[in-house]
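The structure under discussion appears below in the form of structure tokens.
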Amino acid sequence: MNAQGPKAHVVVVGGGFAGLACARALAKTKDVRITLIDKNNYHQFQPMLYQLATAAIGTDDIAASLRHSLRRHANVEVKMAEVTAADPKTRTVTTREGKSYQGDFLVLAAGSQANFFGTAGAKENAFPLYSIKEAQRLRSRILTVFEDADREPKLTEQGALNFVIVGGGPTGVEMAGSLADMIRFTMSREYTDLAVKHAQVYLVDHGHALLGPFPEDAHDYASRVLQKKGVKLRLGIGVKEVAPDRVLLSDGTSIQTRTVIWGGGLSASPLSATAGLPRGHGGRIDVRPDLTVEGFPGVYVLGDFANIPSPENEFLPQLGSVAQQSGAWTAKNILAEIAGETRTAFHYHDKGIMAMIGRNAAVAAIGKKRHELEGPIAFAAWIGVHALLMSGVRERVEAFVDWGWNYFSRSRAIQILDRADVCHIDWGKETESEDLPSKSVQSGR
Ligand SMILES: Cc1cc2nc3c(=O)[nH]c(=O)nc-3n(C[C@H](O)[C@H](O)[C@H](O)COP(=O)(O)OP(=O)(O)OC[C@H]3O[C@@H](n4cnc5c(N)ncnc54)[C@H](O)[C@@H]3O)c2cc1C
């Protein structure tokens, strides 16, 4: 620390909602110098990944350059690097290239990754949806099966146009609605030689209701809307294995498919294993109410990377608004520490939970009492809350709001197969026959 310059150096790992909100809030004071490290040079807006995966929007609609977002702050440096280890005692992180960054304060906000819960073959064969790269890969797979089946219609009999979504939470439900819309409104118009009507979306969950964290009416609403869109619900059934050409279910049946989309749960990103900090539920780092870690002065952990205690004695959910608010709160606590004042416990302002179930349908449970909204009014609430989240990242949210209303009213599809290289399918490769269950195997017909 020096008398003329900034009083402290803060190293922030992760430029998601949490890390970026923290860096932006800190950057307003000349008392600190900030180094923001992210493995990508952009911020990704995860709530709209499924729209990217279903080709309803393009990558630059939901990615924002971190350098551009922070360009007005001379006291922030952005470094694109993957942090592979941390020493929380000295508040130092080390990158894959072996470079180290040490701060007076260390903020870890490295987010989540898919949790496959040890399901056989899921890591190798399923498509998770937690980053832009994963959404691009999934979009390419969806477009690949349509292109391949258009060229060789017999592939439909091998389940080419079957899509299986694992998980009936918000991610699975939103993906199912969006994919069903894509098939109905876009693919049926663009693939005129192909019997697109044979395309089938399945949603599998071992629970008996969709949208678990929402009020009961929302469970029924989501089921009704998805079934109306033609989605086949397989509830109360678990996934035993994801093979390259099918998914095996706990009731002994299987579904032939080349596209299994994993919305089955999340855990902390891999850095949590090498961060030298106590890990709790979901591999996340257990933090105190003020977002610091017991025994490690100057270390803050936030957003999806942390188990943040809530007043109800549970943990706060993994949500963009929790992440963004915890980022701003961390900045406030760091500035308090620098000024010799006391840190305060994080107070989350709960705006509610919402899910968009495709065109014309959404549910929102607003406020602590979870007042339920459905249909267009819930859709408008979704747009409002997410525009606010987006405004933390981009200056022009009008484009996002425009997109929302376009999505509501008409198709704006971008069927560009730009990652064919990562999504090639070997149609000759089938699971060995002795591995197959004896009961029904559903093809696309
Ligand atoms: C499909 C989907 C839909 C969602 N929908 C909603 C919704 O509708 N509403 C809502 O509120 N929330 C939603 N969420 C949840 C919300 O997006 C997350 O809670 C939020 O993004 C968490 O913010 P974060 O900053 O903690 O982590 P992230 O946004 O994941 O950011 C983590 C950052 O850390 C970087 N990083 C990770 N590891 C390293 C490393 N080792 N080195 C360097 N950088 C690293 C990543 O590149 C990333 O930029 C959704 C999530 C998903 C996946």
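We did not get these values from a lab; they are worked out from the coordinates using the rules stated. Quantities reported herein were computed from a predicted structural model and do not represent experimental measurements. Methodologically, a virtual Cβ is constructed for each residue, glycine included, from the backbone with ideal geometry; neighbour enumeration extends over all protein chains shown.
Observations
- Helix axis angle, 376-391 relative to the chain longest principal axis, alpha carbon, degrees: 40
- Under a model in which nothing but the beta-carbon of Lys, Arg (+1) and Asp, Glu (-1) is charged, the stretch 243-323 shows a dipole of about 300 debye around its Cα centre.
- Between Leu266, Gly276, Asn162, the Cα set farthest toward the positive side of the dipole of the stretch 134-289 (charges on each charged residue's Cβ, about the Cα centre) is that of Gly276.
- Here the chain carries DSSP beta bridges of which approximately 45% are antiparallel, counting only pairs with both residues inside.
- Placed amide H near Tyr42: partners under 5 Å, 5+ positions off or other chain: Leu66
- Simple point charges give the picture: +1 on the Cβ of Lys and Arg, -1 on the Cβ of Asp and Glu, and for the chain a dipole about the Cα centre of about 940 debye.
- DSSP-assigned coil residues among chymotrypsin sites (Phe, Trp or Tyr not before Pro) in the stretch 161-212, each with at most 10 further Cβ atoms within 10 Å: none
- The residues Asp150, Asp421, when put in order of fewest to most other Cβ atoms within 10 Å, stand as Asp421, Asp150.
- Ordering of 303-313, 275-285, 5-15 by packing [mean C-beta count within 10 Å, highest first]: 5-15, 303-313, 275-285
- For His219, His43, His371, order by how many other beta-carbon atoms lie within 10 Å, fewest first: His371, His219, His43
- Secondary structure note: in the stretch 213-360, about 85% of the DSSP beta bridges are antiparallel.
- In sequence order, calculated HN-Hα J values of the stretch 153-164 (Karplus, 6.51, -1.76, 1.60; Hz; x Gly/Pro): x, 4, 5, 4, 5, 9, x, 4, 9, 9, 10, 10
- Whether the stretch 1-140 is rounded, prolate or oblate, judged on the alpha carbon gyration tensor where a/c under 1.5 counts as rounded: oblate
- The chain - mean residue ellipticity at 222 nm from DSSP helices (-39,500 (n - 2.57) per run, n ≥ 4, rounded to 500): -8000 deg cm²/dmol
- Close amide H contacts of Thr84 (hydrogens built in the peptide plane, cut-off under 5 Å, sequence separation of 5 or more or a different chain): Thr94, Thr95, Arg96.
- Among Leu129, Leu108, a tally of other beta-carbon atoms within 10 Å of each Cβ gives an order, fewest to most, of Leu129, Leu108.
- Cα centroid separation, the stretch 345-389 to the stretch 315-338: 21 Å.
- Remark: the stretch 39-47, residue by residue, has Karplus-estimated 3J(HN,Hα) of 6, 10, 9, 9, 8, 10, 9, 4, x Hz, where x stands for each Gly or Pro and the curve is 6.51 cos²θ - 1.76 cosθ + 1.60 at θ = phi - 60°.
- Angle in degrees between helix 216-228 and the longest Cα principal axis of the chain, rounded to the nearest 10: 40
- Long-range amide H partners of Leu316 with built H, under 5 Å: Ile308, Ser310
- For Lys228, the aspartates and glutamates whose Cα comes closer than 13 Å to its Cα, not counting residues fewer than 8 places off in the same chain, are Asp181, Asp220.
- For the stretch 104-110, the Karplus equation 6.51 cos²θ - 1.76 cosθ + 1.60, evaluated at θ = phi - 60°, returns couplings of 6, 10, 10, 10, 9, 9, 8 Hz by residue, with Gly and Pro reported as x.
- Among Pro6, Ser254, Gly236 the positive-end extreme of the charge dipole of the chain (Cβ point charges): Pro6
- In summary, the chain shows an alpha-carbon radius of gyration equal to 1.01 times the 2.2 N^0.38 Å reference for compact globular proteins.
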